[in-house]
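Nothing in this text is a laboratory measurement; each read-out follows from the coordinates by a stated rule. The structure displayed is predicted, hence computed values, not measured ones. Positions of Cβ are generated from backbone atoms using ideal geometry, with glycine treated the same way; all protein chains shown enter the neighbour counts.
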There are 2 protein chains.
Amino acid sequence: MSLAGATQDEVRRHNLAALVRFLHDHGSTSRSELVSHTGLNRSTVGGLLSDLVAADLVRETEPVGRGVGRPSYGVEPVGDSAYVLAIDLRVDRTIAALVGFGGVVLERREHRYRKGQPREERIVAQLVAVCHDLLRAAPARAVMVGVGVGVPGLVRQPDGLVRFAPNLGWVDVPLGEHLVEALGLSVPIVVGNDSDLGAIAERLRGSAVGAANVVYLSGQVGVGGGIVVDGNLMMGAQGYAGEIGHMRVNPRGRACRCGAIGCWETEIGEPAVRAATSSPEGMPVAEIVARAAAGDKAAIKGLRSVGEWLGVGVANIVNILNPDVVVFGGTLREILPVVRSAVEAAVAGALAAPGEHVVLALPALGDDSTLLGAAETAFAPLLEDPLGVIAGGRPTRLAPASPASVPSPRA
Amino acid sequence: MSLAGATQDEVRRHNLAALVRFLHDHGSTSRSELVSHTGLNRSTVGGLLSDLVAADLVRETEPVGRGVGRPSYGVEPVGDSAYVLAIDLRVDRTIAALVGFGGVVLERREHRYRKGQPREERIVAQLVAVCHDLLRAAPARAVMVGVGVGVPGLVRQPDGLVRFAPNLGWVDVPLGEHLVEALGLSVPIVVGNDSDLGAIAERLRGSAVGAANVVYLSGQVGVGGGIVVDGNLMMGAQGYAGEIGHMRVNPRGRACRCGAIGCWETEIGEPAVRAATSSPEGMPVAEIVARAAAGDKAAIKGLRSVGEWLGVGVANIVNILNPDVVVFGGTLREILPVVRSAVEAAVAGALAAPGEHVVLALPALGDDSTLLGAAETAFAPLLEDPLGVIAGGRPTRLAPASPASVPSPRA
């Protein structure tokens, strides 16, 4: 950002945003680290921190550092000063959480659907119930910043229309609108693709910190991909990039929910893993992996075949995208450890140059990559204008004429 | 670029670069267009143009525009004031050209190899002979800016080491070094992947002008891809992104030169087209397409199958990358028109959202996309510091102690 011609207010907001972004991303730090990170002088940082402390976003802690030189005051984000509502909407369940400033999960709920794929209205109704329940547990006096939602499908921006979520059976579902209406909140609601959000979170706080080129694979019933290129999420022309699960790798294979034959997810998605291992309907992938570990022959043989197909697709990703890191999320997180040698062999069979440095990683955020990525997108307003959002957020967060009103987060 | 704190010289260089870049990219224009494009005032633009005219890079033409207001002077790049040497090194031949400022091809040579794949030393020797011949034809007094080379393989940056070019049989060939030594030029030599360069040129002057997300496919013996994401060439972690030809689409298919089975190029590359159409060794794809047009049954049937495989890969590209435009270069330029309906059907079978807007285009630069992309990378120094390069370039372009000395471009 060029600051030439900026007003004093703009400069101050810009500098506050830089401090708040650093604290949000890195957690506890010291004044001197903030000085060296921002390039601002010590007294400017001190003044800005006073404002953030007064707004209750930041607290000072014991002096940090010893040895020569004077000790530097410690600074840390106040996790329950501001929060977002983060939702990971899956094919079989919804996970929702309140995530505080600094990326701390404050409260968390998980709700499994009863059976199969419930219809759109029921999923939305259950989602809204979970959110209401969560919001009742919101910390007193905390400011709600926004709502972030991850969906296993193609999401149009900026309105959050779910264009196609084959494994939910959704076509053109205005999820963003539904939630705005049902939750009755006046904060922004951002709907994104689950794998894109996973990639964001793993790059910020997980296994791909510092990597410029990342692919996050999200295995559920289907398989999605979030692609980071040169540090930026790759959206593509209309925001639909990353549908790696619908890469056709086996044109003589099975029919996919998308209508094509032999998509990658028909070989490595959850139903494919069950089919390959002759496991009963509904058995979780973790249990199949456990059976293989216990010596179950069918499970071992089936997972070997899944591992080969996993390798084919990962090698393609390596050849096409030349990533630093591929992160295996969702069910692939369970599968990778038992098929790693097959996947590594396949990557070794990719072109040598892009294959020689790529890291095949498990998500450091475990099962929460998408959830925390959804939280990150929801935090954006606070990270751009911290004091503006806090000042605007304290009086009330309720939409004035909301049809289905929600308990105030501070009730 | 933030100009805060820049010196007057830096500002002037920056402004000159903006004018020269615009003239190079857009050709003939008017003073008022330059004023509105750069946001500089009329007298500043006038002063900068005087300098560029004095350096012989730009000439003024008849006033442009009529109707109300005073007419604006026309301005155009002087094509033979500065030039680059551009090389498109292929599996069966080398194409080389002198390309002048503004992107005009001044001189062009094409040299087919005698048979099969000549070895590295012979290709380099022939390449050097072609370059010497071309340089003798360079315009008098013109300044040579650089050399750009496109290679069908993985190229390491910034040294131009060709890591792997399977269809040339090259592994770790220091092509950049070889050329620096053999050509004895003191200008920079940039070696790049042929498809990346094709993507750059088609986006700048071809079928993808203005598109932010582009995939350029280059069909030869193998198939390469140049990927533009949000206006920037996607390099990947080590610069090897875009090896779309080595996406495995048919794991029960043929062995690929890269060592894997069923890579896309084994189904749509030149040898695959000949095999599918039962055409004799060495028959060019253009001739096979002509035979099909003339009603040859084997050619028709074979191309239909090639078209289906082409469609599978393009649908994958659409699902993974969500491009605005896919440009079909090289042999695919011959094939697309006769299999377009099959490819469109496959794209229609991709996910609806990314598939609904994508344009399947032929390269507007015909067979010259890679050549002109190589020229663009070579022009970079001139576009960054126009008067510096012209001033530095006029005295001599010969490296002082070059082992194989080259006739001066101005001899």
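Which percent, to the nearest 5, of DSSP beta bridges fully inside the protein assembly as shown are antiparallel?
On the way: 78 of 120 bridges.
Counting only bridges with both partners in the protein assembly as shown, antiparallel ones make up about 65 percent.
Modelled spin labels at residue A:122 and residue B:61, positioned 7 Å past Cα toward Cβ, are 6.9 nm from each other.
For segment B:89-160, a crude dipole built from +1 on the beta carbon of Lys and Arg and -1 on the beta carbon of Asp and Glu, taken about the Cα centre, is about 240 debye to the nearest 20.
Note on segment A:263-330: along the principal axes its Cα atoms extend 36, 23, 19 Å, ordered by decreasing extent. Taken about its Cα centre, the protein assembly as shown carries a charge dipole of about 840 debye when Lys and Arg each add +1 at the Cβ and Asp and Glu each add -1 at the Cβ. In a DSSP loop and with at most 12 other Cβ atoms within 10 Å, the trypsin sites (Lys or Arg not before Pro) in segment B:181-284 are B:252. With R₀ fixed at 30 Å, the C-beta to C-beta distance from residue B:105 to residue B:255 puts the FRET efficiency at about 0.20.
Across the options A:54, B:125, A:263, the greatest Cα extent toward the positive end of the charge dipole of the protein assembly as shown (unit charges at beta carbon of Lys, Arg, Asp, Glu) belongs to A:263. Sequence-distant contacts, meaning Cα pairs under 8 Å at least 6 residues apart, place the relative contact order of segment B:208-363 at 23 percent. Specify the inter-centroid distance of segment A:279-315 and segment B:261-301, based on alpha-carbon positions, in whole Å. If we compute the Cα centre of each part, the gap is 41 Å. Using C-alpha pairs under 8 Å with a sequence gap of at least 6, the mean separation divided by the residue count of segment A:199-262 gives a relative contact order of 21 percent. Against the empirical 2.2 N^0.38 Å (N residues), the protein assembly as shown has a Cα radius of gyration ratio of 1.04. Between the alpha-carbon centres of segment B:344-393 and segment B:217-248 there is a gap of 12 Å. Over segment B:8-77, all Cα pairs binned in 10 Å intervals from 0 give whole-percent P(r) values of 21, 60, 18, 2, listed from short to long. Of all the options A:82, A:260, A:374, the one that moves most in a Gaussian network model of chain A with Cα springs shorter than 10 angstrom is A:260.
Count Lys and Arg as plus one, Asp and Glu as minus one, and take only other residues whose Cβ is under 12 Å from that of residue A:162; the net charge is then -3. Peptide A:308-318 has a mean of 3 when you count, residue by residue, the C-beta atoms of other protein chains within 10 Å of its C-beta. Residue order for A:339, A:318, fewest other beta carbons within 10 angstrom first, comes to A:339, A:318.
Take the Cα radius of gyration of chain B and divide it by 2.2 N^0.38 Å, with N its residue count; two decimals is plenty. Please list the in-between numbers first.
Numbers: Rg = 22.7 Å, N = 411, 2.2 N^0.38 = 21.7 Å.
Cα Rg divided by the expected 2.2 N^0.38 Å: 1.05.
Roughly how many Å is it from the Cα centre of segment A:110-165 to that of segment B:68-102, as a whole number? Cα centres, segment A:110-165 to segment B:68-102: 55 Å. Net charge dipole, segment B:208-363: roughly 440 debye, given to the nearest 20, about the Cα centre with Cβ charges of +1 for Lys and Arg and -1 for Asp and Glu.
Averaging over all projection directions, find the projected area of the Cα convex hull of segment B:45-169 and quote it in nm² with one decimal place. The partial results should precede the final answer.
On the way: hull surface 43.6 nm².
Answer in nm², one decimal: 10.9.
Dividing the helix sum by the residues of the protein assembly as shown, where each DSSP H run of 4 or more adds -39500 (n - 2.57), gives a mean residue ellipticity at 222 nm of -13000 deg cm²/dmol. Ranking B:36, A:347, B:357 by Cα position along the charge dipole of the protein assembly as shown, where only Lys, Arg, Asp and Glu carry charges on their C-beta atoms, puts A:347 farthest toward the positive end. In a solvent-free Debye calculation with one equal scatterer on each Cα, what is log10 I(q)/I(0) for segment B:286-384 at q = 0.10 Å⁻¹, listed in the order of the q values? The calculated log intensity ratios at q = 0.10 Å⁻¹ are -0.35. Using DSSP to define loop residues, name the GluC sites (Glu not before Pro) in segment A:313-362 whose beta-carbon has at most 15 other beta-carbon atoms within 10 Å. For GluC sites (Glu not before Pro) across segment A:313-362 that sit outside H, G, I, E and B with at most 15 neighbouring Cβ atoms in 10 Å, the list reads A:356.
Taking neighbour Cβ counts within 10 Å as the exposure measure, how do A:321, B:360 sort from fewest upward? Could the numbers behind the result be given before it?
Numbers: A:321 29, B:360 16.
By the 10 Å Cβ count, ascending: B:360, A:321.
Here the contact order of segment B:8-77, divided by its residue count and restricted to Cα pairs under 8 Å and six or more residues apart, works out to 34 percent. In the protein assembly as shown, taking the dipole from charged Cβ atoms about the Cα centre, the farthest positive-side position among A:233, B:315, A:85 is held by B:315. In whole angstrom, segment A:209-363 maps to an equivalent ellipsoid with semi-axes of 25, 18, 14, each derived as √(5λ) from the alpha carbon gyration tensor and ordered largest first.
For residue A:301, a cut-off of 17 angstrom between C-alpha atoms picks up these aspartates and glutamates, skipping any fewer than 8 places away in its own chain: A:267, A:270, A:287, A:334.
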